[in-house]
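*Asks:* One structure is given below, represented as structure tokens, and several questions about it will come after.
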Amino acid sequence: MRNTLLICALLLTGCVDQTNLQPPASLQPYHTSTPANTTTPHVVIADTPLPTATPITYVIQSGDTLSALAERFNVSQDDLRAANPDIDPNSMAIGTTILIPDGSAALAAASTPTPVPVPITQTVCHPTADNGLWCFALIYNNTPDILENVSALITLTDQNGSEIASQPASLPLDILPPNTSLPVYAFFADAPANTNPQVQLLTALQSNTGSARYLPASLNNTLAQMDSSGRIAQLSGQIQLDAESKAVTQVWVAAVAYDKDGLVSGVKRWEGGSIQPGTSIPFNFAVASVGPKIDSVEFVVEARP
């Protein structure tokens, strides 16, 4: 089990001991092929982003909207609709792959200002049964401040170092608290075998820990219950707000699954509503591994007024 499992960032993170990983009834695992991990990060240090094809592809995540994606990738909503005529802007299914037009311009915009030079502590890719590839890069905030808008570029290269594909990758939350790790991640469809992932940090902006944009919510009574395969964990707990705090209007909980070697094997974000000062709300969701069995789960919470 990872030594960091029992270390939580003050008021912003929660964790669960593997002794609480108990099997519940009838949860079905994802089916994947044999995982292929890259434990030593291949980090690219550059002033400009790596070249990428135009357009690029992006996999819809929980909470994505057409307007938010247009702002994030610096393209117009009309261009997004034109590139994806089959996508309903009001009902974008999680896991759907869409095209982002003019990806090189989006990445160039994302590379400025210069990101805070925080360490990328691991990269790992897990192949899927349909020849896809999930890639994770674990980023550790070793600064005393909250980091915002953390993103990276994950590039796959062949054995000769030639680029095969690249994807922008973001955290499951808008923030990365001090002394906390979260992964950026991307999915590559039809990825060839024997590829090497490279990671370049694109954005990481410093925000004062006491910023009024975030509230110090905490996690209590976290529990992870495993299914019989060991690859799905049903998660539950409570999000607590101090009596002296302002009311919360939006809250998110990110869960990161790790295998027995301490490598990221899955990530999931839960979204909640308002919390009044001095009260708590429950959360309940599942995180699935796209690779080996889950050995431990870490939680991070983000709350906004």
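*Asks:* Between Glu244 and Arg213, what length in nm is gained on full extension when 0.36 nm per residue of separation is reduced by their alpha carbon distance?
*Replies:* My answer for the length gained is 9.6 nm.
*Asks:* Return the distance in nm (one decimal) between the two label points of a simple spin-label model at Ser274 and Ile60, each offset 7 Å from Cα along Cα→Cβ.
*Replies:* 2.9
*Asks:* Over all alpha-carbon pairs of the range 56-207, lay out the pair-distance distribution in 5 Å bins, whole %, shortest bin first.
*Replies:* 2, 9, 18, 21, 20, 17, 10, 3, 0
*Asks:* Moving on. Can you give the extra length, in nm with one decimal, that the chain gains between Ile281 and Leu99 once fully stretched, where that is 0.36 nm per residue apart less the Cα-Cα distance?
*Replies:* Computed gain between Ile281 and Leu99 is 61.8 nm.
*Asks:* Taking the alpha-carbon distance from Lys268 and a cut-off under 23 Å, which lysines remain once sequence neighbours fewer than 8 residues away in the same chain are dropped?
*Replies:* Within the straight-line cut-off, Lys268 pairs with Lys260, Lys293.
*Asks:* Continuing with this model, one more query. Can you sort Ser170, Ser289 from fewest to most other Cβ atoms within 10 Å of each residue's own Cβ?
*Replies:* Lowest to highest Cβ neighbour count: Ser170, Ser289.
Laboratory data are not the source of any read-out in this text; all were calculated from the coordinates shown. This one's a predicted model, so the numbers in the text were calculated from it and none came from an experiment. Note that each Cβ is placed from the backbone with ideal geometry, even for glycine, and that neighbours are counted across all protein chains shown.
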